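*Asks:* First, the structure itself, so that you have it in front of you.
The values are calculated or read from the model by the stated rules, or taken from the named source; none is laboratory data. None of the values given here were measured: they were computed from a predicted structure. Cβ sites come from the backbone with ideal geometry, for glycine too, and all protein chains shown count toward neighbours. The accessibility values were calculated without ligands, DNA or RNA, using every heavy atom of the protein model including side chains. Shrake-Rupley method; radii C 1.70, N 1.55, O 1.52, S 1.80 Å.
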Amino acid sequence: MWSPHVLGSNKVALVMQWPMDEEIDENKRRLWAQRMDRWNKALMEVANLKGNDVNGRFETEFIEEIVKDIYRRLHVPLRSVRTLFIGIDYSINFITTWLKDGSSHTADILTIYGIGGIGKTSLAKHVYGLYCREFHASSYIEDITRKCDGKFNGLLDLQEQLCNDISKTSSIKVHDVSIYTTKIENALARKRVFLVLDDVSTLVQLDALLGSKGFHPGSKIIITTKDRWLTTSCALFKTNIKPKHGMHLLRGLAGIASQQLLCSHAFMCNQPMAGYEEVSDKLVKYCEGHPLALEVLGKSLHNRDVAYWEGCVEGLKKEISSPINNVLKMSFDSLPSKNDKDLFKHIACFFVGIDRDVTDTILEACDINTRSGITNLIDRCLLSILLVFLLE
């Protein structure tokens, strides 16, 4: 810095006055000490981060989870892995209208239900990506059932993620589900939030992630599940603060939409290539509008000749453990008891289109419980009962 310096009796000049070397060294040492302290704290924080175990999964799936987590932490809207939303425009518009309707008569919770692989996750993820920024806080908890099954801290990890998303404050990790539930309840009461709870399968999961205290006005919660009974049976609906609840059944695609989805993955266009029309119709009929089955088949048949397609059709009729059958078995495997599984197989093989009273009488005589079993099958969209009116 510059400072006046007296020359002789009446002469003044400006000379540069530099700080002493000791002062420079002290400033440098202090800055370096502060920097080193920050580095030490950062390294300790990184070292204490909990890692994730691949657990025999494909590396691509594991990397995809990491990318999704980074998107979530950066608060960047998620985009669905499946960018093709053929045939579900109605569902997207329905949920969009529900989200944007702020009236007091609108449901706070929307349950999207349907059989496994029907597109519930992709639909909810797409809508979440579009509208999550329009709320004070938002959280997308994906694949809840798989993350809880067989993992000791699975539910605690999901609660921690939800707490961090909606409270935006770092807190000491706890190891008690009930404590996390209280934290979640307090956060939900303070903010207008948008939550998506994907693939819920038990009341324990719902009670731990929603609590029983209700939500801030204007909050919206989407629950995807294979079992429509779950939502209205959770702790939240057993209190005096029963939230408004809506349900949306996601059905299979119509014939034209099924053809378009299959062809979009197999031919990268919306209609079959010349010579493939008949065999593609067979595959569409086999999948019966199931989006994930159509996608898996379409990708597996990309760049294959017609003979290969015909062989695939024949193989699907004989192969019990094919990828398509595994997709279609997801809802069956989620049934809660052996009785319900046996009931489903008996009805599928012998009683389709048969009067319900006749079916009940025969199966009850075979020691199969149809009273609760049929209800469980209907709740999981594995069975539907048609009312037939006879006009005399």
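*Asks:* Do you know which of the residues in segment 86-100 that are in a loop (DSSP other than H, G, I, E, B) and over 14 Å from LYS125 (Cβ atoms) is most open to solvent (accessible area, probe 1.4 Å)?
*Replies:* GLY87
*Asks:* Of all residues being touching a Lys or Arg at 6+ places or on another chain (Cβ under 6 Å) and hydrophobic (A, V, I, L, M, F, W, C) in segment 107-128, which is nearest to LEU382 (Cα to Cα)? Just the residue, please.
*Replies:* Out of the qualifying residues, it is ILE112.
*Asks:* Only one of these conditions is not met by ASP342: (1) farther than 24 Å from TYR113 by Cβ; (2) open to solvent by 10 Å² or more (accessible area, probe 1.4 Å); (3) free of Cβ contacts under 8 Å to residues at least 60 places away in the same chain; (4) not hydrophobic (A, V, I, L, M, F, W, C). Which number is it?
*Replies:* The failed condition is (1).
*Asks:* Another question, then. Quick check on segment 84-121: of everything there that is polar (S, T, N, Q) and at pLDDT below 90, which residue is farthest from MET268 (Cα to Cα)? Don't jump to the end; show me each part of the working.
*Replies:* Initially, segment 84-121 is screened for residues polar (S, T, N, Q), giving 91, 93, 96-97, 103-104, 106, 111, 121.
Next cut, at pLDDT below 90 only: 103-104, 106.
On the way: SER103: 42, SER104: 45, THR106: 40 Å.
The residue in question is SER104.
*Asks:* Do the conditions hold for VAL193, that is, is it over 30 Å from MET330 (Cα atoms) and in contact with a strand residue (DSSP E or B) (Cβ under 6 Å, 6 or more places away or on another chain)?
*Replies:* Numbers: over 30 Å from MET330 (Cα atoms): yes; in contact with a strand residue (DSSP E or B) (Cβ under 6 Å, 6 or more places away or on another chain): yes.
Yes: the conditions hold for VAL193.
*Asks:* Then there is this: Taking segment 254-274 as the search range and keeping residues that are in contact with an Asp or Glu (Cβ under 9 Å, 6 or more places away or on another chain) and assigned to a loop (DSSP other than H, G, I, E, B), which one is modelled with the lowest pLDDT?
*Replies:* GLN271
*Asks:* If you don't mind, another one. Which one is surrounded by the fewest Cβ atoms within 10 Å (Cβ to Cβ) among residues in segment 350-364 that are part of a helix (DSSP H, G or I) and not hydrophobic (A, V, I, L, M, F, W, C)?
*Replies:* Within segment 350-364, the first condition is being part of a helix (DSSP H, G or I), and the residues that meet it are 350-351, 356-364.
With the extra rule that they be not hydrophobic (A, V, I, L, M, F, W, C), the set shrinks to 356-357, 359-361, 364.
Numbers: ARG356: 12, ASP357: 8, THR359: 19, ASP360: 15, THR361: 11, GLU364: 12.
Applying the filter and picking the extreme gives ASP357.
*Asks:* Among the residues of segment 275-302, how many are among the small types (Gly, Ala, Ser), part of a loop (DSSP other than H, G, I, E, B) and under 18 Å from ILE88 (Cα atoms)? Show your work before the answer.
*Replies:* Step one: filter segment 275-302 for residues among the small types (Gly, Ala, Ser), giving 275, 280, 289, 293, 298, 300.
Checking which are part of a loop (DSSP other than H, G, I, E, B) leaves us with 275, 289.
Cutting the leftovers down to under 18 Å from ILE88 (Cα atoms) gives us 289.
So the answer is 1.
*Asks:* For segment 200-230, give me each residue that is on the phi > 0 side of the Ramachandran plot, within 20 Å of the chain's Cα centre (by Cα) and surrounded by fewer than 23 Cβ atoms within 10 Å (Cβ to Cβ). Give the derivation first.
*Replies:* Filtering segment 200-230 down to residues on the phi > 0 side of the Ramachandran plot leaves 211, 214, 218.
Checking the rest, the ones that are also within 20 Å of the chain's Cα centre (by Cα) come to 211.
Selection gives nothing.
*Asks:* I want to confirm something. Restricting to segment 237-264 and keeping residues that are touching a strand residue (DSSP E or B) at 6+ places or on another chain (Cβ under 8 Å) and not charged (D, E, K, R), which single residue is most open to solvent (accessible area, probe 1.4 Å)?
*Replies:* Within segment 237-264, the first condition is being touching a strand residue (DSSP E or B) at 6+ places or on another chain (Cβ under 8 Å), and the residues that meet it are 237, 243-250.
Subsequent filtering for residues that are not charged (D, E, K, R) retains 237, 243, 245-250.
Values: PHE237: 26, PRO243: 18, HIS245: 53, GLY246: 17, MET247: 84, HIS248: 13, LEU249: 52, LEU250: 10 Å².
For segment 237-264, the residue satisfying everything is MET247.
*Asks:* Name the residues in segment 3-35 that are open to solvent by 100 Å² or more (accessible area, probe 1.4 Å) and either modelled with pLDDT of 75 or more or closer than 30 Å to LYS173 by Cβ (or both), would you?
*Replies:* Answer for segment 3-35, where residues must be open to solvent by 100 Å² or more (accessible area, probe 1.4 Å) and either modelled with pLDDT of 75 or more or closer than 30 Å to LYS173 by Cβ (or both): LYS28, ARG29, ARG30, LEU31, TRP32, ARG35.
*Asks:* Return a yes/no flag: does segment 296-304 have any residue that is among the basic types (Lys, Arg) and at pLDDT below 85.
*Replies:* The first filter runs over segment 296-304 and keeps only residues among the basic types (Lys, Arg), leaving 299, 304.
When the remaining residues are screened for being at pLDDT below 85, the result is none.
Looking for residues that are among the basic types (Lys, Arg) and at pLDDT below 85, one finds none in segment 296-304, hence no.
*Asks:* Name every residue in segment 265-279 that is surrounded by fewer than 19 Cβ atoms within 10 Å (Cβ to Cβ) and of a type in the set (Gly, Ala, Ser), in order of residue number.
*Replies:* ALA274, GLY275
*Asks:* Search segment 282-300 for residues that are closer than 15 Å to MET330 by Cβ and pair each with any residue that is open to solvent by 50 Å² or more (accessible area, probe 1.4 Å) and at pLDDT below 90 when their beta-carbon atoms are under 6 Å apart and the residues are at least 6 apart or on different chains.
*Replies:* VAL296/PRO323
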